[in-house]
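Peer 1: Structure below; questions to follow.
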Amino acid sequence: MKKKQLEMILERLEGFGRPSFQREQYATPATVAAEMLFLAAMHDDLETVCDLGCGTGILAIGAALLGARAVGVEIDREALAAARRNAALVGADVDFIQGDVSRISLRGIDTVIMNPPFGAQKASAGDRAFLSRAIKTARTVYSLHNRGSERFIRAFVQPCTVQEVHRLACPLKRSFEFHSRSVKTIEVELYRISC
Ligand code: SAH
């Protein structure tokens, strides 16, 4: 499958119906998801994949469509129901699990691919809990973060190491009332971390 084809399939998925501001629910745009997944494919990192905080499932579903055994973990039942509908819609086989990333333990996972909450809201577990779980779970982690996170990530994941940092344009659709423009493009950083 070509990247553009994957992107077109992922465009069809439903996003968060009523996004929770506290849980920092932003769905990864299809262009960014396809970029992350193709980078992982290029590194042969798509055997057994876990998407932590999978939301409506775009990363786990994309990984499954590229041939991975995929698992998605999400705390929010509504988001998980949407993720299940999305997987059925595009014929992807994904195991979705309801749980808190700071409590679950998973075995047999090679790669974590995630877009964690950026940790701006106190009520969300924040990127620290996600990064800790990710590096305990898999040998290779792909994780999306705000611009300017590099120093923090490099220090936080030690003794794991950052192998690559990619800067991507991330078009965010309007999702919360107080956002004024309908689409705002921000720059995000994709990390490939090796343990
Ligand atoms: N990975 C999805 C969603 C990103 S938004 C995507 O790429 O589109 C971050 C997600 O993490 C939200 O769905 C939120 O509900 C979930 N989340 C926040 N805290 C969590 C926790 N402690 N355990 C599991 N999921 C959590």
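The values are calculated or read from the model by the stated rules, or taken from the named source; none is laboratory data. In this text, all values refer to a predicted model and were calculated from it rather than measured experimentally. Backbone-built Cβ (ideal geometry, glycine too); neighbour counts: all protein chains shown.
Peer 1: Kindly list the number of the only condition in (1) surrounded by 23 or more Cβ atoms within 10 Å (Cβ to Cβ); (2) of a type in the set (A, V, I, L, M, F, W, C); (3) outside any loop (DSSP other than H, G, I, E, B) that fails for Phe38.
Peer 2: The number of the failed condition is (1).
Peer 1: Only one residue in Ala81, Ala60, Ala87, Ala92 is of a type outside the set (Ser, Thr, Tyr) and crowded, with 24+ Cβ neighbours inside 10 Å, so which one is that? Explain how you work it out, then say what you get.
Peer 2: Details: Ala81 fails: crowded, with 24+ Cβ neighbours inside 10 Å; Ala87 fails: crowded, with 24+ Cβ neighbours inside 10 Å; Ala92 fails: crowded, with 24+ Cβ neighbours inside 10 Å.
Just a single option satisfies the conditions, and that option is Ala60.
Peer 1: I need a count of the residues in the stretch 63-75 that are within 7 Å of the ligand (Cβ to nearest atom) and either in contact (Cβ under 8 Å) with a residue 40 or more places away in the chain or of a type in the set (D, E, K, R) (or both).
Peer 2: Of the residues in the stretch 63-75, 2 are within 7 Å of the ligand (Cβ to nearest atom) and either in contact (Cβ under 8 Å) with a residue 40 or more places away in the chain or of a type in the set (D, E, K, R) (or both).
Peer 1: Could you tell me whether any residue of the stretch 43-50 is part of a loop (DSSP other than H, G, I, E, B), without any contact (Cβ under 8 Å) to a residue 40 or more places away in the chain and surrounded by fewer than 18 Cβ atoms within 10 Å (Cβ to Cβ)?
Peer 2: The answer is yes; a qualifying residue exists.
Peer 1: Something else: Answer with yes or no whether Ala60 is within 11 Å of the ligand (Cβ to nearest atom), under 18 Å from Lys2 (Cα atoms), modelled with pLDDT of 95 or more and outside any loop (DSSP other than H, G, I, E, B).
Peer 2: Criteria met by Ala60.
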